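A quick write-up on the structure given underneath.
The values are calculated or read from the model by the stated rules, or taken from the named source; none is laboratory data. Every value quoted in this text rests on a predicted model; they were computed, and no experiment measured them. Don't worry about glycine lacking a Cβ; one is built from the backbone with ideal geometry, like all the others, and counts go over all protein chains shown.
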Amino acid sequence: MELLDFLNDNLDLILQLTAEHISLVAVAVGLATVTGVPIGIAITQNERAARIVLYVASIIITIPSIALFGLMIPLLSTIGQGIGYLPAVIAVLLYSQLPIIRNTYTAINNVNPALREAARGVGMSPLQRLRMVEVPLAIPVIMAGVRTAVVMNIGVMAIAAYIGAGGLGVLISRGISQSDPRQLIAGAIAVSILAVIADYALLWLQRRLTPKGVSA
Amino acid sequence: MIKIDNLTKIFETPNGPVTAADHINMEVPEGEICVLLGPSGCGKTTTLKMINRIIPPSSGRVFINGEDTTGLNTVELRRNIGYVIQQIGLFPNMTIEENIAVVPKLLGWDSNRYKARAKELLELVALDPSVFLKRYPRELSGGQQQRVGVARALAADPPVMLMDEPFGAIDPINREVIQDEFLKMQQELRKTIMFVSHDIDEAVKMANRIAIFRGGRLVQYDTPDDLLAHPKDDFVESFVGDDRALKRLRLVQVSQVMEPVAVVKPSDSLQTALARIEEHGYSRAILMVNEKHQPIGYVSRSVAQTTKGLCGDHYFGLKATTSPSDDLRKVASLMFNHDTTWLPCTDEQGVLVGRVTQQGITHYLGATYQRDALNAQSPHLHQVNA
Ligand SMILES: Nc1ncnc2c1ncn2[C@@H]1O[C@H](COP(=O)(O)OP(=O)(O)O)[C@@H](O)[C@H]1O
Ligand SMILES: [Mg+2]
């Protein structure tokens, strides 16, 4: 009851924090996609580079988010951005690299060699091969990587409230510091619901983007 | 025309170098089908793929229509060579239309032109455009996909086609159908084709010339008939099989072994029939024709010897006939079915043009074994004295 009252009274705030949360994750994962997909494609050309890049990305993902924020504070302070929006976005961008790079790399590498040979045989240049055949076929798996990144980082972004980035984590951190279970629970539930909705929304997008003749 | 000059491929592997193709020299004349034939791993695919440089040669050169392709841009080279792979390799993200139009698009054709071309090609490979143009590859059967694969290779009308076991993935019945369709198409298109197969029957059927490979070397390059009649060594002989003489039957047409034949008319007496049977040394019977010179039956020797009367009242019916364009395999099969040693040949109007005998077939197949005799001897192509 108390919780419902709280939700009712603070709906505006909750919606505003949700919007903040979404925009933070969207910007960060968006940037991660723009960087991770080309990296994933590039490393299909060189096995050694692929091993190194995937290894580094796996290491990054094992760093606890709090530690990562802590590491960035002194670095970004030099440009006056030690806390707030920028470190939050950078952290999520880094965490997103592994699922996106790995899925892109795997998807491109797993394109049926016969199709790759057919593409070469009809006289496609390497870039045409990517654009006309390899990337369209890899889209379902790449999108699955993006989905993983989004769902995972909606949780991570909740912690970024501690460095003043805003988002639904604000409710959680206040709930803890003020010993107010209503805020804590409202924040936690909102984060979970957001994750589930984002997952479904991206699944829908994934199906939309998958070429018709390709099974998702 | 495709000319291969000392083409060699050495793969560097962890276990040392592997010579997959060893100084291959050969020439495929314009408009002909050359089948590269041999056991698995003998270098057929490697040789084929060096022509469109899917595999870069270690040394040697490839000429297409007289032009050395060594210096050419590979992407452009490939757009001018039709390529059909065994795994078919249609792009699953593209419709059938888009698959067929892929080379024309790369070449910058406008959309009306490549769409019309896709439609035309689907018709050529016996698929209904209104049904298939907008479908995706996975909605097609293997045989249909294979046809689309051939259509895609033909799209920009390349003078040269490379086909690597193109009909390998299809069941035997459909394979025969597709082979026949392809040969019919080739009669019109007259592409210069290099075709990989490991199946001697397919090679004999499709090829103008067969190149037998063994361990990266070209061991014999001949017409199917010469290859079957004169295998160069024990390897080729065992590869073409014990029944190689029978395989040759398919390569020879009735017109090549046709002989003149004596006939009677229904109005002739049985006495006349007997006289002609004796005169021509026929053992069992003589053919009877109507006024239009169409065969209608036989008068048997025993009847002619024991009975008086007209042929028209004492004959028995026709068993089977052949046409000059039939191959001897079909003829042999008909002879076995009907327990007969010879068959009349008729033209499209059913008019008698000659006969084909077991002895004539045996003789023809045997003649080539005495090579010198072959050239001196006149071919068994006699006109019938009408
Ligand atoms: N990429 C490669 N690397 C190393 N060896 C290869 C490669 N491709 C083919 N070979 C070897 O070259 C030989 C000829 O292969 P291939 O031309 O594919 O034979 P075929 O098509 O007649 O079956 C085989 O011994 C094969 O193992
Ligand atoms: Mg092969």
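Miscellaneous remarks
- Residues satisfying the stated conditions in the stretch B:67-88, i.e. within 16 Å of ligand 2 (Cβ to nearest atom) and modelled with pLDDT of 95 or more: B:TYR83, B:VAL84
- Of all residues in the stretch B:180-206, those satisfying the criterion of being within 16 Å of ligand 1 (Cβ to nearest atom) and not β-branched (Val, Ile, Thr) are B:MET194, B:PHE195, B:SER197, B:HIS198, B:ASP199, B:GLU202, B:ALA203.
- Those residues of the stretch A:72-110 which are surrounded by fewer than 20 Cβ atoms within 10 Å (Cβ to Cβ) and within 14 Å of chain B (Cβ to nearest Cβ), in sequence order: A:ASN110
- Condition check for B:LYS9: within 26 Å of B:GLN187 (Cα to Cα) and within 16 Å of ligand 2 (Cβ to nearest atom): no
- Scanning the stretch B:125-160 for residues that are assigned to a loop (DSSP other than H, G, I, E, B) and away from chain A (no Cβ under 12 Å) returns B:VAL125, B:ALA126, B:LEU127, B:ASP128, B:LEU133, B:SER141, B:ASP157, B:PRO159.
- Checking B:LEU162 against (1) within 16 Å of ligand 2 (Cβ to nearest atom); (2) over 27 Å from B:ARG113 (Cα atoms); (3) not β-branched (Val, Ile, Thr), the condition it does not meet: (2)
- With a requirement of 2 or more residues that are among the aromatic types (Phe, Trp, Tyr), more than 16 Å from ligand 1 (Cβ to nearest atom) and surrounded by fewer than 23 Cβ atoms within 10 Å (Cβ to Cβ), none of the helices (runs of 4 or more DSSP H) lying completely within the stretch B:1-108 satisfies it.
- Candidate set from the stretch B:66-88 (those that are polar (S, T, N, Q) and within 21 Å of B:VAL196 (Cβ to Cβ)); member that is farthest from the other protein chains (Cβ to nearest Cβ): B:THR69
- Hits in the stretch B:224-246 - residues which are buried (at least 21 other Cβ atoms within 10 Å of the Cβ) and not hydrophobic (A, V, I, L, M, F, W, C): B:PRO224
- Residues considered: A:GLN183, A:GLN206. Of these, the only one that is assigned to a helix (DSSP H, G or I), over 15 Å from the mean Cα position of the chain (by Cα), more than 14 Å from every other protein chain (Cβ to nearest Cβ) and not basic (Lys, Arg) is A:GLN183.
- Candidates B:TYR364, B:TYR369 - the one that is at pLDDT below 90, within 24 Å of the chain's Cα centre (by Cα), of a type in the set (Ser, Thr, Tyr) and not in a helix (DSSP H, G or I): B:TYR369
- Considering the stretch B:23-54, the residues that are basic (Lys, Arg) and over 21 Å from the mean Cα position of the chain (by Cα) include one that is nearest to B:LEU77 (Cα to Cα), namely B:ARG53.
- The one condition from (1) within 14 Å of ligand 2 (Cβ to nearest atom); (2) over 24 Å from the mean Cα position of the chain (by Cα); (3) within 14 Å of chain A (Cβ to nearest Cβ) that B:ALA20 does not meet is (3).
- Filter result (more than 22 Å from the chain's Cα centre (by Cα) and of a type in the set (Lys, Arg)) within the stretch B:144-161: B:ARG152
- Tally, over the stretch B:59-93, of residues that are of a type in the set (A, V, I, L, M) and free of Cβ contacts under 8 Å to residues at least 40 places away in the same chain: 3
- Pick from the stretch B:294-334, criterion basic (Lys, Arg) and more than 16 Å from B:LEU352 (Cβ to Cβ), ranking: farthest from the chain's Cα centre (by Cα): B:LYS308
- Any pair with Cβ under 8 angstrom, 6 or more apart, that starts in the stretch A:112-132 at a residue that is more than 7 Å from chain B (Cβ to nearest Cβ) and ends at one that is of a type in the set (Asp, Glu) and assigned to a helix (DSSP H, G or I): A:ARG116/A:GLU134; A:ALA119/A:GLU134
- Any hit, the stretch A:168-185, residues being under 20 Å from A:ALA32 (Cα atoms) and out of contact with any strand residue (DSSP E or B) (no Cβ under 6 Å at 6 or more places or on another chain): no
- Subset tally (residues that are within 28 Å of the chain's Cα centre (by Cα) and buried (at least 21 other Cβ atoms within 10 Å of the Cβ)) for the stretch B:117-143: 5
- Taken over the stretch B:23-55, the residue count meeting the criterion of being within 10 Å of ligand 2 (Cβ to nearest atom) and in contact (Cβ under 8 Å) with a residue 24 or more places away in the chain is 11.
- B:LEU154 vs. criteria more than 16 Å from ligand 2 (Cβ to nearest atom) and buried (at least 20 other Cβ atoms within 10 Å of the Cβ): yes
- If you check B:VAL351, B:VAL384, B:VAL356 for being crowded, with 17+ Cβ neighbours inside 10 Å and at pLDDT 90 or above, only one passes: B:VAL356.
- With respect to being within 16 Å of ligand 1 (Cβ to nearest atom) and in a helix (DSSP H, G or I), B:VAL236 fits the description.
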